[in-house]
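The values are calculated or read from the model by the stated rules, or taken from the named source; none is laboratory data. Everything quoted here is computed from the prediction, not taken from an experiment. All Cβ positions, glycine included, derive from the backbone under ideal geometry; neighbour counts span all protein chains shown. These accessible areas exclude ligands, DNA and RNA; they are computed on the full protein's heavy atoms, side chains included. Shrake-Rupley method; radii C 1.70, N 1.55, O 1.52, S 1.80 Å.
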Amino acid sequence: MGGILGYNYYQKIFGKAITKTSSLYVKSSDTLIDIKNNLVGFSKNPNNFLFVAAKKNFTKPKSGRYILKKGMSHNDVVNLLRSGNQTPIKLSFNNQDTLEKLAVRIAQQLETDTASLLNSFKDKSFLLKNNLTEKSILQIFIPNSYEFYWNTSAVKFRNKMLFEYNRFWNKSRVDKAKKLNLTKDEVLTLASIVQKETAIKNERPTVAGLYLNRLKKGWPLQADPTIIYCIKEIKGQNYVVKRVLTADLEINSPYNTYKNRGLPPTLIAMPDISSVDAVLNSEKHNYMYMCVNVDKLGHHAFARTLQQHNRNAAKYHRWLNRQGVNR
């Protein structure tokens, strides 16, 4: 009888308990009961976790993401949670048009919530210290994959993104920006327009070159993505714009590149690395105009003269009318 009791006691503590390799997410507010409930599904007897925790005087787990390997004992689990030796996650995000959308995307991957992230993004002292605004801060978030601990706070996430942003701007990129006579902010603003103008990556250097040609000549960019940005500022981010109308070109906004020469005050979206590098490595050509290429949808028809462009634009407008696209 003593042998059986001793064996059972040993198994509760040191016996193989975890049935499959799994990720255990421990929130900052979690109790041992919460963890026991989270162990259901990959522990032979989650109650034994509480037994072991009590024997080891373990009361407060450290938050984070922990990898529980198949065959681990509850003693191993308690030791792991006590040590705080968590495993980082691969956090990723692509182009997000607004801080709100970015916050939602990040909150899906970290313990922190959307409100905390937005508060950290819009913190006035942080913005002032880094010469940013609530509109321009979007530029410090470079779409990519990053390694984070799951319980990283909103402030630490924001600060890490600023660090990565500064690292992104290496000497090579800074030198290329200087050769274009553009600041980093201006490169990112132009890149955001290029990003919205075309989804075809190998076309982006051509589009960037066209906009740079217009900037050098002092012409208005006349970039439809900036008009769509203005419309969404008025109508809301979920408002769908499939066609820019002549009346839209009269919107009174510093982001309206039909009415204002030069670049908008800030970026209009989050450009990815390919768009930024498309500006820094833009194609040298004489194109000054472009519109959608109806013979190769998704691409653009480029033109050197207004006469050529008007022919391309008329063809595009006829196509829109046939499709019944009025807005």
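In angstrom, the C-alpha Rg and Dmax of the stretch 258-327 are 14.9, 38. Rolling a 1.4 angstrom probe over the protein heavy atoms with all chains in place gives the chain an accessible area of 53 Å² per residue. Rounded to whole numbers, the Karplus 3J(HN,Hα) couplings from phi for the stretch 276-283 are 5, 5, 5, 5, 5, 10, 5, 6 Hz, using 6.51 cos²θ - 1.76 cosθ + 1.60 with θ = phi - 60°, and x at Gly and Pro. Note on the chain: with neighbouring protein chains present and a 1.4 Å probe, carbon and sulfur make up 50 percent of its accessible heavy-atom surface. Using only side-chain charges placed at the Cβ, +1 for Lys and Arg and -1 for Asp and Glu, the dipole size of the chain relative to its Cα centre rounds to 460 debye. Under a straight-distance cross-link criterion of Cα-Cα below 18 Å, which aspartates and glutamates are reachable from Lys27, leaving out those fewer than 8 residues away in the same chain? The reachable aspartates and glutamates, counting only those whose Cα sits under 18 Å from Lys27, are Glu111, Asp113. Which shape class, rounded, prolate or oblate, goes with the stretch 61-187 when its Cα gyration tensor gives a ≥ b ≥ c as root eigenvalues, a/c under 1.5 marks rounded, and past that a/b bigger than b/c marks prolate? The shape class here is prolate.
Which pairs in the list Lys135/Lys235; Lys62/Lys129; Lys124/Lys156; Lys12/Lys69 are over 26 Å apart, alpha-carbon to alpha-carbon? Cα-Cα > 26 Å for Lys62/Lys129; rest within.
Among residues other than Gly84 with Cβ under 12 Å from its Cβ, the summed charge is +4 (Lys and Arg +1, Asp and Glu -1). The Cα atoms of the stretch 26-97 cover 51, 23, 19 Å along the three principal axes, with the biggest extent listed first. Does the stretch 169-208 classify as rounded, prolate or oblate by the C-alpha gyration tensor (a ≥ b ≥ c root eigenvalues; a/c under 1.5 gives rounded; else a/b over b/c gives prolate, otherwise oblate)? Verdict is prolate for the stretch 169-208.
Taking a ≥ b ≥ c as the square roots of the Cα gyration tensor eigenvalues, the stretch 131-255 comes out oblate, since a/c reaches at least 1.5 and a/b does not exceed b/c. The protection proxy used here, the mean number of other Cβ atoms lying within 10 Å of each residue, ranks peptides 190-202, 226-238 as follows, highest first: 190-202, 226-238. The residues packed around Tyr316, meaning those with a beta-carbon under 15 Å from its beta-carbon, carry a net charge of +4 if Lys and Arg are +1 and Asp and Glu are -1. Summary of the geometry: the stretch 47-113 and the stretch 165-242, compared by the centres of their Cα atoms, lie 39 Å apart.
Rounded to the nearest 20 debye, the dipole size of the stretch 56-160 about its Cα centre is 360 debye, using +1 on the Cβ of Lys and Arg and -1 on the Cβ of Asp and Glu.
Helix content alone sets the calculated 222 nm mean residue ellipticity of the chain: runs of n ≥ 4 DSSP H residues at -39500 (n - 2.57) each, divided across all residues, give -14000 deg cm²/dmol.
A value for Cα Rg over 2.2 N^0.38 Å was derived from the coordinates, and within the list (1) 1.11; (2) 0.98; (3) 1.38 it appears as (3).
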